[in-house]
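A short write-up of the structure that comes next.
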Amino acid sequence: MPLYDQVMEAVALVRARTPLRPAVALILGSGLGGLANEILDVTAIAYEEIPHFARSTVPGHVGRLLLGTLSGVPVVVMQGRFHLYEGYAPQVLTFPVRVMSALGAHTLLVSNAAGAINPTYRPGDFMLIADHLNLPGLAGANPLLGPNDERLGPRFPPLAKAYDAHLRYLAREVGGAIADLKLHEGIYAMVSGPSFESSAELRFLRTAGADAVGMSTAPEVVVARHMGMRVLGISLLTNMATGVEDENVSHEEVLSVADEASQRFGGLMLGILRGM
Ligand code: HPA
């Protein structure tokens, strides 16, 4: 079945469950799913129920699509996302972004947990994504590989200015008013994972201009831009990833820092939605 028809089937299932027409799509990253509790009049749909959706397999990632209102804005929220390292093709893991766009969302707010390559960053700080290094994408794992359907987007979409400057301005304004919230702006490097980076790899990424490193987001942003969505990306820095030998990161540490930061993250996202 053509991708376009698959998207329409998924849209039909969601529309049969709720009349809500989302304006904004959110992807909640590792340990950041708590914001979902703030959604009013929520309709929750397990990924298993939605045609052509994959299933989430990582601890800390619930697999549900949520529709409701946040800060008065009609939203569709991915509580839990799919990763390349789970074995999903990039075309498969980005399918929900196409569905959220086809449901009517014109803007994507995407979040993730990331390691801090920039030595001036600290765990618990946030980083607005100014641009990305899509290492898997450059190396052949691009979600737009394969036949292109012009009903979804152009064959050769530009990715310059993929991360919307106005939304970043708004995020800085909102973040500046939240106590104890440190908000940087930098370059996010995506790696496939699931192994964390070697020290040499981290030095390589830093030399290449990366400020943070993570295992998600770039494919979703490529597809969101393909669909013509505006994008704001926010990383929560959960650990230092500077290549210093005594740093040892674990998934548990990532989740624990994310849990500690979830209140500030929620305040930031709600404020951004209010300001949009
Ligand atoms: N590397 C890659 N992905 C990550 C990291 C990291 O250090 N921290 C959280 N996600």
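Would it be correct to say that residue 50 is over 22 Å from residue 215 (Cα atoms), in contact (Cβ under 8 Å) with a residue 40 or more places away in the chain and open to solvent by less than 40 Å² (accessible area, probe 1.4 Å)? Yes; evaluated as a whole, the condition is true for this residue.
Rundown of residues vs (1) more than 16 Å from the ligand (Cβ to nearest atom); (2) in contact with a strand residue (DSSP E or B) (Cβ under 9 Å, 6 or more places away or on another chain); (3) among the small types (Gly, Ala, Ser), yes/no style:
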site: 2; (1), (2), (3): yes, no, no
site: 9; (1), (2), (3): yes, no, no
site: 25; (1), (2), (3): yes, yes, yes
site: 30; (1), (2), (3): no, yes, yes
site: 50; (1), (2), (3): yes, yes, no
site: 68; (1), (2), (3): yes, yes, yes
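Checked against the criterion of being touching a residue at least 12 places away in the same chain (Cβ under 8 Å) and either more than 16 Å from the ligand (Cβ to nearest atom) or buried (at least 17 other Cβ atoms within 10 Å of the Cβ) (or both), the candidates 119, 123 yield just one match: 123.
Of the residues in the stretch 219-234, none is within 12 Å of the ligand (Cβ to nearest atom), closer than 25 Å to residue 91 by Cα and of a type outside the set (Phe, Trp, Tyr). Count of the stretch 238-270 residues, restricted to those that are under 21 Å from residue 128 (Cβ atoms) and over 14 Å from the mean Cα position of the chain (by Cα), is 17. Looking across the stretch 189-215, just one residue is open to solvent by less than 20 Å² (accessible area, probe 1.4 Å) and more than 10 Å from the ligand (Cβ to nearest atom), and that is 210.
Counting only residues that are buried (at least 16 other Cβ atoms within 10 Å of the Cβ) and either within 16 Å of the ligand (Cβ to nearest atom) or part of a loop (DSSP other than H, G, I, E, B) (or both), the stretch 160-173 holds 3 of them. Between 109, 144, the distinction of being buried (at least 24 other Cβ atoms within 10 Å of the Cβ) and either out of contact with any Ser or Thr (no Cβ under 7 Å at 6 or more places or on another chain) or on the phi < 0 side of the Ramachandran plot (or both) belongs to 109 only. If we scan the stretch 88-97, do we find a residue that is modelled with pLDDT of 95 or more, aromatic (Phe, Trp, Tyr) and either more than 24 Å from residue 212 (Cα to Cα) or open to solvent by less than 10 Å² (accessible area, probe 1.4 Å) (or both)? Scanning the stretch 88-97 turns up at least one residue that is modelled with pLDDT of 95 or more, aromatic (Phe, Trp, Tyr) and either more than 24 Å from residue 212 (Cα to Cα) or open to solvent by less than 10 Å² (accessible area, probe 1.4 Å) (or both). Checked against (1) within 16 Å of the ligand (Cβ to nearest atom); (2) within 23 Å of residue 274 (Cα to Cα); (3) modelled with pLDDT under 95, residue 176 meets all criteria but (1). Filtered by the rule that a residue be in contact with a strand residue (DSSP E or B) (Cβ under 8 Å, 6 or more places away or on another chain) and farther than 20 Å from residue 48 by Cβ, the stretch 11-23 gives 20, 21, 22, 23. In the stretch 235-259, the residue that is nearest to the ligand (Cβ to nearest atom) out of those that are part of a strand (DSSP E or B) and within 21 Å of residue 82 (Cα to Cα) is 238. In the set (1) modelled with pLDDT of 95 or more; (2) closer than 17 Å to residue 22 by Cβ; (3) in contact with a strand residue (DSSP E or B) (Cβ under 6 Å, 6 or more places away or on another chain), the condition left unmet by residue 126 is number (2).
The values are calculated or read from the model by the stated rules, or taken from the named source; none is laboratory data. A quick note: this is a predicted structure, and the numbers were derived from the prediction, not measured. Every residue, glycine among them, receives a Cβ derived from its backbone with ideal geometry; neighbour counts consider all protein chains shown. Keep in mind that these areas ignore ligands, DNA and RNA; they rest on the heavy atoms of the full protein, side chains included. Shrake-Rupley method; radii C 1.70, N 1.55, O 1.52, S 1.80 Å.
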